[in-house]
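Everything below concerns the one structure shown next.
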Amino acid sequence: MGLVGLSELDELSYRQIRPQMFVLLGPDFEGSNEAYQRLVRATGLVAYDLRARLRTGTWGVVKALADPAQAVLLAKSLSDEGFRPVLLDRTVAHDPSRPIVPVRSVTLRETDFVLALPERDMAVEYAALACIVRGEVQPGRILQRGSGTGPSSATFRAVAASSEGPLSGQGTQSPFEAYQAADLHFLSAPWIGRVDLHSLGGGALDVNPRTLDALADDLARRAKVRVDRGVRTSSVVSIAEQSSSRRAPTSEPPGVREARREQADERFDPYSRLIGAAERQLRTP
(Lines give C-alpha, C1' and ligand atoms only; values in the text may rest on other atoms or scores of the structure.)
Protein backbone atom coordinates (compact mmCIF):
# COMPACT_ATOMS: atom_id res chain seq x y z
CA MET A 1 0.00 0.00 0.00
CA GLY A 2 1.31 3.48 -0.83
CA LEU A 3 1.69 6.39 1.54
CA VAL A 4 -1.68 7.29 3.05
CA GLY A 5 -2.49 10.91 3.89
CA LEU A 6 -4.14 12.13 7.08
CA SER A 7 -7.32 13.12 5.24
CA GLU A 8 -7.62 9.57 3.84
CA LEU A 9 -7.04 8.10 7.26
CA ASP A 10 -9.84 10.22 8.68
CA GLU A 11 -12.13 8.16 6.48
CA LEU A 12 -10.47 4.75 6.72
CA SER A 13 -8.23 4.35 9.71
CA TYR A 14 -10.75 3.79 12.47
CA ARG A 15 -12.75 1.29 10.45
CA GLN A 16 -9.92 -0.62 8.77
CA ILE A 17 -6.47 0.91 9.38
CA ARG A 18 -5.50 2.28 12.76
CA PRO A 19 -2.45 4.51 12.32
CA GLN A 20 0.57 3.44 14.33
CA MET A 21 3.01 6.25 13.54
CA PHE A 22 2.66 10.01 13.25
CA VAL A 23 5.08 12.08 11.20
CA LEU A 24 5.36 15.64 12.55
CA LEU A 25 7.15 18.86 11.71
CA GLY A 26 8.03 21.33 14.43
CA PRO A 27 7.61 25.06 15.04
CA ASP A 28 10.76 25.83 13.03
CA PHE A 29 8.84 25.10 9.81
CA GLU A 30 9.15 28.38 7.93
CA GLY A 31 5.84 28.26 6.08
CA SER A 32 7.07 29.87 2.86
CA ASN A 33 5.72 29.00 -0.57
CA GLU A 34 9.04 27.35 -1.37
CA ALA A 35 8.80 25.24 1.81
CA TYR A 36 5.33 24.01 0.87
CA GLN A 37 6.59 23.13 -2.60
CA ARG A 38 9.32 20.99 -1.05
CA LEU A 39 6.70 19.35 1.14
CA VAL A 40 4.61 18.52 -1.93
CA ARG A 41 7.63 16.80 -3.48
CA ALA A 42 8.37 14.84 -0.31
CA THR A 43 4.81 13.77 0.55
CA GLY A 44 2.80 13.65 -2.66
CA LEU A 45 0.10 15.74 -0.99
CA VAL A 46 -1.35 18.91 -2.47
CA ALA A 47 -0.24 22.26 -1.06
CA TYR A 48 -3.77 23.14 0.10
CA ASP A 49 -3.91 20.05 2.31
CA LEU A 50 -0.45 20.72 3.72
CA ARG A 51 -1.26 24.35 4.52
CA ALA A 52 -4.29 23.17 6.51
CA ARG A 53 -2.18 21.04 8.86
CA LEU A 54 1.27 22.67 8.93
CA ARG A 55 1.90 26.23 10.07
CA THR A 56 4.98 28.04 11.23
CA GLY A 57 5.39 28.41 14.98
CA THR A 58 3.52 25.25 15.99
CA TRP A 59 3.74 21.48 15.69
CA GLY A 60 1.78 19.90 12.86
CA VAL A 61 1.05 16.43 11.47
CA VAL A 62 2.41 15.68 8.02
CA LYS A 63 0.85 12.22 7.83
CA ALA A 64 -0.50 9.46 10.04
CA LEU A 65 0.51 6.03 8.80
CA ALA A 66 -0.48 2.48 9.67
CA ASP A 67 2.88 1.04 8.58
CA PRO A 68 5.92 2.18 10.61
CA ALA A 69 8.19 1.37 7.67
CA GLN A 70 6.30 3.83 5.49
CA ALA A 71 6.64 6.46 8.21
CA VAL A 72 10.41 5.96 8.21
CA LEU A 73 10.53 6.33 4.42
CA LEU A 74 8.47 9.50 4.58
CA ALA A 75 10.73 10.91 7.29
CA LYS A 76 13.75 10.24 5.07
CA SER A 77 12.08 12.02 2.14
CA LEU A 78 11.39 15.02 4.38
CA SER A 79 14.97 15.03 5.65
CA ASP A 80 16.24 14.92 2.07
CA GLU A 81 14.20 18.08 1.41
CA GLY A 82 15.83 19.86 4.36
CA PHE A 83 13.13 19.36 7.02
CA ARG A 84 13.51 17.95 10.55
CA PRO A 85 10.71 15.39 10.88
CA VAL A 86 9.80 13.64 14.12
CA LEU A 87 8.28 10.15 14.27
CA LEU A 88 5.97 9.33 17.17
CA ASP A 89 4.23 6.09 18.00
CA ARG A 90 0.53 6.58 18.68
CA THR A 91 0.87 4.90 22.08
CA VAL A 92 2.75 7.97 23.37
CA ALA A 93 -0.56 9.81 23.69
CA HIS A 94 -1.80 7.43 26.41
CA ASP A 95 1.45 5.93 27.66
CA PRO A 96 0.98 4.95 31.34
CA SER A 97 4.72 5.45 31.90
CA ARG A 98 4.19 9.19 31.25
CA PRO A 99 1.91 10.14 34.18
CA ILE A 100 0.90 13.73 34.84
CA VAL A 101 1.88 14.76 38.36
CA PRO A 102 0.41 17.79 40.17
CA VAL A 103 2.95 20.43 41.18
CA ARG A 104 2.01 22.40 44.29
CA SER A 105 4.46 25.25 43.68
CA VAL A 106 7.53 26.22 41.64
CA THR A 107 10.47 28.16 43.06
CA LEU A 108 12.92 29.61 40.53
CA ARG A 109 16.53 29.85 41.66
CA GLU A 110 19.76 30.92 39.99
CA THR A 111 20.81 27.60 38.47
CA ASP A 112 17.78 25.39 39.08
CA PHE A 113 14.15 25.38 40.15
CA VAL A 114 12.32 23.50 42.89
CA LEU A 115 9.09 21.59 42.29
CA ALA A 116 6.89 20.98 45.33
CA LEU A 117 5.31 17.60 44.57
CA PRO A 118 2.56 16.06 46.71
CA GLU A 119 5.00 14.16 48.93
CA ARG A 120 8.43 15.70 48.38
CA ASP A 121 10.32 18.65 46.93
CA MET A 122 12.58 18.11 43.92
CA ALA A 123 15.33 20.38 42.62
CA VAL A 124 15.65 20.36 38.82
CA GLU A 125 18.40 21.94 36.72
CA TYR A 126 17.12 24.26 34.00
CA ALA A 127 19.02 22.22 31.41
CA ALA A 128 16.85 19.19 32.22
CA LEU A 129 13.66 20.86 30.93
CA ALA A 130 12.52 19.88 27.42
CA CYS A 131 9.52 22.20 26.95
CA ILE A 132 6.40 23.63 28.57
CA VAL A 133 2.91 22.94 27.20
CA ARG A 134 0.38 25.59 28.16
CA GLY A 135 -3.39 25.23 27.83
CA GLU A 136 -6.77 24.55 29.38
CA VAL A 137 -7.57 21.25 31.09
CA GLN A 138 -11.09 19.82 31.29
CA PRO A 139 -10.94 16.75 33.55
CA GLY A 140 -13.40 14.07 32.54
CA ARG A 141 -13.79 15.31 28.97
CA ILE A 142 -13.39 11.71 27.76
CA LEU A 143 -13.02 8.60 29.90
CA GLN A 144 -9.44 7.56 30.43
CA ARG A 145 -8.41 3.99 29.73
CA GLY A 146 -7.77 1.86 32.76
CA SER A 147 -8.41 2.56 36.40
CA GLY A 148 -6.67 2.92 39.72
CA THR A 149 -5.29 5.64 41.91
CA GLY A 150 -2.71 8.24 41.02
CA PRO A 151 1.02 7.58 41.47
CA SER A 152 2.89 8.50 44.62
CA SER A 153 5.48 11.22 44.10
CA ALA A 154 7.64 9.47 46.68
CA THR A 155 8.42 6.83 44.06
CA PHE A 156 9.51 9.23 41.30
CA ARG A 157 13.02 9.09 39.98
CA ALA A 158 14.72 12.47 40.11
CA VAL A 159 15.10 14.45 36.90
CA ALA A 160 18.58 14.03 35.41
CA ALA A 161 20.29 14.46 32.07
CA SER A 162 19.86 10.98 30.59
CA SER A 163 17.70 7.83 30.26
CA GLU A 164 14.06 7.26 31.17
CA GLY A 165 12.37 4.91 33.63
CA PRO A 166 8.79 3.65 34.09
CA LEU A 167 6.31 5.07 36.56
CA SER A 168 2.86 3.91 37.55
CA GLY A 169 -0.28 5.10 35.72
CA GLN A 170 -3.03 7.60 36.49
CA GLY A 171 -6.50 7.29 37.91
CA THR A 172 -10.03 7.15 36.60
CA GLN A 173 -11.88 10.32 35.84
CA SER A 174 -14.98 12.42 36.10
CA PRO A 175 -16.41 15.69 34.83
CA PHE A 176 -15.07 18.90 36.38
CA GLU A 177 -14.71 22.55 35.51
CA ALA A 178 -11.87 23.60 33.24
CA TYR A 179 -8.70 25.12 34.63
CA GLN A 180 -5.54 26.69 33.22
CA ALA A 181 -2.34 24.63 33.40
CA ALA A 182 1.26 24.43 32.26
CA ASP A 183 2.86 21.00 31.78
CA LEU A 184 6.60 20.70 32.41
CA HIS A 185 8.31 18.06 30.23
CA PHE A 186 11.82 16.83 31.00
CA LEU A 187 14.62 15.46 28.86
CA SER A 188 15.50 12.58 31.14
CA ALA A 189 12.28 11.65 32.95
CA PRO A 190 8.97 10.48 31.41
CA TRP A 191 6.62 11.92 34.04
CA ILE A 192 5.11 15.36 33.49
CA GLY A 193 4.81 18.08 36.11
CA ARG A 194 1.50 19.96 35.90
CA VAL A 195 1.30 23.47 37.36
CA ASP A 196 -2.11 25.12 37.54
CA LEU A 197 -3.58 28.30 38.97
CA HIS A 198 -5.10 26.53 41.95
CA SER A 199 -1.76 25.15 43.09
CA LEU A 200 0.04 28.44 42.44
CA GLY A 201 -2.42 30.68 44.20
CA GLY A 202 -3.61 28.49 47.03
CA GLY A 203 -7.03 30.07 46.56
CA ALA A 204 -5.75 33.65 46.26
CA LEU A 205 -8.09 35.89 44.30
CA ASP A 206 -5.34 37.84 42.54
CA VAL A 207 -3.94 34.77 40.73
CA ASN A 208 -5.06 34.66 37.07
CA PRO A 209 -3.93 33.14 33.77
CA ARG A 210 -1.38 35.92 33.30
CA THR A 211 0.31 34.73 36.50
CA LEU A 212 0.73 31.26 35.01
CA ASP A 213 1.87 32.70 31.67
CA ALA A 214 4.49 34.83 33.41
CA LEU A 215 5.83 31.83 35.32
CA ALA A 216 5.92 29.65 32.19
CA ASP A 217 7.67 32.35 30.17
CA ASP A 218 10.22 33.06 32.91
CA LEU A 219 10.98 29.38 33.37
CA ALA A 220 11.26 28.85 29.60
CA ARG A 221 13.62 31.82 29.27
CA ARG A 222 15.92 30.48 31.99
CA ALA A 223 15.85 26.96 30.56
CA LYS A 224 16.04 28.14 26.92
CA VAL A 225 13.02 26.06 25.87
CA ARG A 226 9.70 26.67 24.11
CA VAL A 227 6.31 27.32 25.65
CA ASP A 228 3.84 25.53 23.40
CA ARG A 229 0.43 27.22 23.21
CA GLY A 230 -0.81 25.47 20.08
CA VAL A 231 -3.52 23.23 21.53
CA ARG A 232 -6.28 25.36 19.96
CA THR A 233 -4.75 25.46 16.47
CA SER A 234 -2.33 22.57 15.99
CA SER A 235 -3.30 19.59 13.82
CA VAL A 236 -1.70 17.42 16.51
CA VAL A 237 -4.93 17.87 18.49
CA SER A 238 -6.84 15.75 15.98
CA ILE A 239 -4.50 12.78 16.27
CA ALA A 240 -4.45 13.16 20.05
CA GLU A 241 -8.24 12.89 20.13
CA GLN A 242 -8.30 10.04 17.62
CA SER A 243 -5.89 8.11 19.86
CA SER A 244 -8.38 8.15 22.74
CA SER A 245 -10.96 5.51 23.55
CA ARG A 246 -13.83 7.91 22.75
CA ARG A 247 -15.97 6.62 25.60
CA ALA A 248 -18.27 8.80 27.64
CA PRO A 249 -17.03 9.96 31.07
CA THR A 250 -18.33 8.20 34.15
CA SER A 251 -20.24 9.89 36.94
CA GLU A 252 -18.73 10.42 40.38
CA PRO A 253 -20.21 11.36 43.74
CA PRO A 254 -19.82 15.02 44.71
CA GLY A 255 -17.38 16.28 47.33
CA VAL A 256 -14.10 15.10 45.83
CA ARG A 257 -12.88 18.35 44.31
CA GLU A 258 -9.13 17.86 44.66
CA ALA A 259 -9.18 14.26 43.45
CA ARG A 260 -11.19 15.20 40.38
CA ARG A 261 -8.87 18.05 39.42
CA GLU A 262 -6.12 15.52 38.82
CA GLN A 263 -8.07 13.27 36.44
CA ALA A 264 -7.38 12.99 32.74
CA ASP A 265 -8.52 15.24 29.90
CA GLU A 266 -8.46 13.06 26.79
CA ARG A 267 -7.83 16.07 24.58
CA PHE A 268 -5.19 18.15 26.33
CA ASP A 269 -3.35 15.32 28.11
CA PRO A 270 -2.59 13.28 24.94
CA TYR A 271 -1.68 16.49 23.12
CA SER A 272 0.72 17.45 25.90
CA ARG A 273 2.39 14.03 25.88
CA LEU A 274 2.83 14.10 22.09
CA ILE A 275 4.30 17.61 22.11
CA GLY A 276 6.62 16.76 24.99
CA ALA A 277 7.88 13.65 23.20
CA ALA A 278 8.37 15.57 19.95
CA GLU A 279 10.30 18.39 21.62
CA ARG A 280 12.45 15.85 23.45
CA GLN A 281 13.39 14.21 20.15
CA LEU A 282 14.44 17.53 18.64
CA ARG A 283 16.53 18.48 21.69
CA THR A 284 18.20 15.07 22.16
CA PRO A 285 21.36 14.60 20.03
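The values are calculated or read from the model by the stated rules, or taken from the named source; none is laboratory data. This one's a predicted model, so the numbers in the text were calculated from it and none came from an experiment. Methodologically, a virtual Cβ is constructed for each residue, glycine included, from the backbone with ideal geometry; neighbour enumeration extends over all protein chains shown. Please note that ligands, DNA and RNA were not included when accessible areas were found on the heavy atoms of the full protein model with its side chains. Shrake-Rupley method; radii C 1.70, N 1.55, O 1.52, S 1.80 Å.
If I ignore ligands, DNA and RNA and count only protein heavy atoms, how much of ASP269 is accessible to a 1.4 Å probe, in Å² to the nearest 10?
0
For region 18-135, what Kirkwood radius comes out of the mean inverse Cα-Cα distance, in Å?
Result for region 18-135, one decimal place: 16.8 Å.
Near the amide H of VAL225, under 5 Å away, which other amide H atoms are found, from residues 5 or more places off or on another chain, if H is placed in the peptide plane?
Residues meeting the amide H criterion: none.
If R0 is 30 Å, what FRET efficiency do you get for ALA214 and SER238 from their C-beta distance, rounded to 0.05?
It comes to 0.50.
Expected output is a single nm value to one decimal: the length gained when fully extending between SER97 and GLN281, i.e. 0.36 nm times separation in residues minus the C-alpha distance. What is it?
Extra length available between SER97 and GLN281 comes to 64.5 nm.
With θ taken as phi - 60° and the coefficients 6.51, -1.76 and 1.60, list the Karplus ³J(HN,Hα) couplings across region 232-241 in order, rounded to whole Hz; mark glycine and proline as x.
Going residue by residue, I get 7, 10, 6, 6, 5, 4, 5, 6, 5, 5 Hz, with x marking Gly and Pro.
Spin-label point model (7 Å from Cα, Cβ direction): what's the VAL207 to LEU108 distance in nm?
With each label placed 7 Å out from Cα toward Cβ, I get 1.7 nm.
CYS131's amide H: which non-local residues (gap 5+, or another chain) put their own amide H closer than 5 Å, with H modeled 1.01 Å from N in plane and none for Pro or chain starts?
The answer is HIS185.
What distance in nm separates the two pseudo spin-label positions at TYR48 and GLU177, each 7 Å out from Cα along the beta-carbon direction?
Calculated label separation equals 4.4 nm.
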